[in-house]
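Heads up, the thing below is written out as structure tokens.
The values are calculated or read from the model by the stated rules, or taken from the named source; none is laboratory data. Keep in mind the model is a prediction, meaning the values are calculated, not measured. Glycine gets a Cβ as well: all are built from the backbone with ideal geometry, and neighbour counts include every protein chain shown.
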Amino acid sequence: MAQIDLLNAAVATLNADVTALSVDQPAAFTKLQGSITALQKTLTEANQTQAILLVSGVAAAPLGTIALPVTLIPGTFAPVSVQADFSIPTSMSFVSEVLGPIPTGEGKGLQAAMVGSLLRVIVFGINQTVITDGLDFTINLKTTLKGQFQILMQNVIATDANGNNIPICFTSGIATVQ
């Protein structure tokens, strides 16, 4: 099987697991974690070059604040900064952003702000340290409605230590509010 077919199959499995979160949340969340691990393995075996930015689905969030984790799988191009825009449903509002421990330890910072109807998030540093595998950041949103809400990601950019754009792909996520 060609490398691209392996990657597409792994991403399809990941998307199916995110969709299943609405059916059996605890089991689906565990399966989703397994799929992310499998995707990382598939990418490594395929000598993955592209970085991947994943919005992990929130399995069950109470009404109020929702913590939406975003994970970076760096690839061989070694990103030192990442920017992404998130389309937040109109029933939600942006509260805050939290940088994960891995990029914090690498001397990175995090900024987020609404730009029109999009939430723009930038992970950066005044250094050339590569952002390694792991939880990159968390977006905290507030809602008063129950239901499933798709969090779409767009305009994703990653740069290397010299400021050059590098290949990156991304997946959106689903927040289920009960």
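General observations
- Residue count, region 42-94 (criterion: farther than 19 Å from Ser172 by Cα, touching a Gly at 6+ places or on another chain (Cβ under 6 Å) and either buried (at least 18 other Cβ atoms within 10 Å of the Cβ) or modelled with pLDDT of 85 or more (or both)): 1
- Test: Asn162 is out of contact with any strand residue (DSSP E or B) (no Cβ under 7 Å at 6 or more places or on another chain) and either buried (at least 16 other Cβ atoms within 10 Å of the Cβ) or more than 16 Å from Ala67 (Cα to Cα) (or both): yes
- Residues located in region 91-142, provided they are in contact with a Pro (Cβ under 7 Å, 6 or more places away or on another chain) and within 19 Å of Thr159 (Cα to Cα): Val123, Val130, Ile131, Thr132, Asp133, Leu135, Asp136
- Scanning region 96-147 for residues that are within 15 Å of Ala67 (Cα to Cα) and surrounded by 16 or more Cβ atoms within 10 Å (Cβ to Cβ) yields a total of 13.
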